[in-house]
Amino acid sequence: MNQSRSSTTAQEPLILVVDDAPDNLKLLERLLEKQGYRIQICQSGREAIQIVPRLRPELILLDIVMPEMDGYEVYRQLRLNPRAKDIPIIFLSAMDKTEDIVRGFQLGASDYITKPVNPAELYARIFNHIELKRLKKELNEAAVRIEALIERLTAAEIVFPACDGCEKSRALVAPSWVETIRSMLMACKSLNPEAFRCPGCSKPTQV
């Protein structure tokens with residue numbers, strides 16, 4: 001059974017709750033909707049594996065003890081899917097023994113919360129992991145922009161305005177810009193020093 005009930009907007013984070021107990025689903029749905037989250041509920045691990053790649057929720061709350069497929073196996077299969085491998089997964093289980101919790105973290109789970117749920121703890125952990133995911137996304141996007149800038153600077157080496165050896169002009173650039181451009185290019189450590197010299201320049205490279 002696949003259900004989704006929410007009065008919130010599409011811009012708010014979507015959380016997938018996977019649990020075979022209807023009472024647990026109702027409780028979690030009520031708690032999370034109070035915080036403004038959109039909720040998608042699944043009553044089996046197999047159902048979750050099918051819909052996660054399509055829905056791409058911001059976070060998954062995953063029970064461990066379920067029929068047919070336990071939460072540990074659901075976690076392993078989700079991590080094999082490229083469209084699901086980066087979604088934070090929090091185990092939410094009545095299994096509170098140390099070995100159970102350690103096993104969850106050894107698999108790579110983002111967190112482990114024991115039942116009965118403390119609402120304040122639940123809210124804090126969910127918020128932290130969603131925020132952490134957002135920050136990681138921003139860092140990745142920044143890294144892509146920086147890489148693109150480095151590529152552009154590397155390409156710019158072929159029109160660098162002056163030779164380091166003979167100082168012969170290699171482009172029509174105002175003299176006041178020469179040092180600024182050179183500093184920017186030198187900041188890219190991957191550049192070949194010869195890029196700053198005329199082809200075949202006989203003067204020694206400046207140190």
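Rule-based calculations on the coordinates, nothing more; no lab input. Everything quoted here is computed from the prediction, not taken from an experiment. Reconstructed Cβ throughout: ideal geometry from the backbone, glycine too, with neighbour counts over all protein chains shown.
Give me the net charge of F105's neighbourhood, meaning all other residues with Cβ under 12 Å from the Cβ of F105; Lys, Arg count +1, Asp, Glu -1.
Values: positive: R103; negative: E99, D100, D111.
Every neighbour counted, the sum reads -2.
So if R0 is 30 Å, what FRET efficiency would Q106 and Q11 give, r being the distance between their Cβ atoms, rounded to the nearest 0.05? Could you put the intermediate results ahead of the total?
Values: r = 35 Å, r/R0 = 1.17.
Calculated value: 0.30.
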Percent RCO, i.e. relative contact order, over the range 1-126, from Cα pairs under 8 Å lying at least 6 residues apart: 22
Using a Förster distance of 30 Å, the FRET efficiency for E141-R76 (Cβ separation, nearest 0.05): 0.55
Reciprocal mean inverse distance between Cα atoms of the range 1-124 - Kirkwood radius, Å: 14.4
Note, ³J(HN,Hα) from phi for the range 124-135, Karplus 6.51, -1.76, 1.60, rounded to Hz, x at Gly and Pro: 5, 5, 4, 4, 4, 6, 5, 5, 4, 4, 4, 5
